[in-house]
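Working notes for the structure below.
Bear in mind that the values in this text are calculations on the coordinates, not laboratory data. From a predicted model like this one, the values you see are computed outputs, not experimental measurements. All Cβ positions, even for glycine, are placed from backbone atoms using ideal geometry, and neighbour counts span all protein chains on display.
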There are 2 protein chains.
Amino acid sequence: MVNRAKASVDLGPVFAALAHPIRRAIVEQLAGGDATVGELAEPHKVSLPAISKHLRVLEDAGLLQVEPEGRVHRCQLDAAPLSAAFGWLTRYRVLWEDRFDRLARHLEETRKTETREETTHARKK
Amino acid sequence: MVNRAKASVDLGPVFAALAHPIRRAIVEQLAGGDATVGELAEPHKVSLPAISKHLRVLEDAGLLQVEPEGRVHRCQLDAAPLSAAFGWLTRYRVLWEDRFDRLARHLEETRKTETREETTHARKK
DNA sequence: CGCTCACTTAACCAAATCGTTAAATATTCA
DNA sequence: TGAATATTTAACGATTTGGTTAAGTGAGCG
């Protein structure tokens with residue numbers, strides 16, 4: 001039961017948030033650094049309120065933090081839920097892995113044993 | 001060679017399929033081996049038609065193959081879309097990794113270069 | 001044959017999703 | 001002060017989702 005990673009992450013909203021291509025694009029953009037709402041909206045053809053709703057979905061999933069800075073709202077990605085989703089998928093990784101992958105997986109398991117923190121990589125607040 | 005399984009995996013339906021806890025439970029169960037519809041329905045308190053719909057969602061996402069065997073329908077997990085979802089998340093893995101993880105990641109990248117399988121990993125681009 | 005078992009399909013409903021436009025809010029600047 | 005900018009909230013509508021019950025299909029069996 002070491003694997004009690006990030007107690008507060010509900011995978012449902014996380015996967016749901018990632019189900020929409022615009023929201024995935026927003027995550028991709030934020031992976032490159034913080035951005036304002038306007039900057040996040042710019043690549044897409046939908047209205048600003050639509051973007052605002054997408055941001056709310058990401059925020060509710062814990063993927064996003066928004067901090068007002070003057071009249072701009074700066075958005076920052078929180079990767080912890082991504083890590084949780086990754087962790088869930090990792091449980092079944094053996095299903096699609098070939099023998100070469102197993103080597104890397106073994107090394108990864110070793111790494112986990114070494115670091116031994118259950119709440120871990122999700123930066124605690 | 002090649003593109004058996006998932007010439008193109010659309011991640012939208014895959015993430016959407018994984019967004020529901022019953023469907024995640026079904027994936028988990030199928031990871032332990034094939035099962036009939038009835039066996040998949042048994043752990044859950046919803047009606048059989050509800051399970052049938054969940055299975056359809058998983059099937060449409062490419063996660064599931066159903067093969068009638070007599071009067072039972074045998075369900076088999078197809079992990080390729082899981083691999084694709086994993087691959088997408090992996091692109092941002094650096095965001096939550098610490099230095100120990102980077103080692104494993106480096107090894108994984110190396111592995112990818114060594115094995116020429118664009119068939120099993122949706123490495124777009 | 002006729003019944004039962006294993007499922008699916010149909011029809012329906014409530015709630016959520018995803019988009020819109022119009023209005024409200026808040027901050028900066030001339 | 002008042003206009004412009006950045007973003008949210010409100011209200012609406014079409015579509016999808018997730019559940020239900022009831023009816024349909026098809027294989028196995030006494």
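General remarks:
- Seen from A:Ala31, the other residues with C-beta closer than 14 Å to its C-beta sum to a net charge of -1, counting Lys and Arg as +1 and Asp and Glu as -1.
- Peptide A:8-16 shows a mean partner chain C-beta count of 3 within 10 Å per residue C-beta.
- Residues B:Ser8, B:Ser83 in ascending order of nearby Cβ atoms (within 10 Å, fewest first): B:Ser8, B:Ser83.
- The mean number of Cβ atoms from other chains found within 10 Å of a Cβ in peptide B:19-30 is 3, as a whole number.
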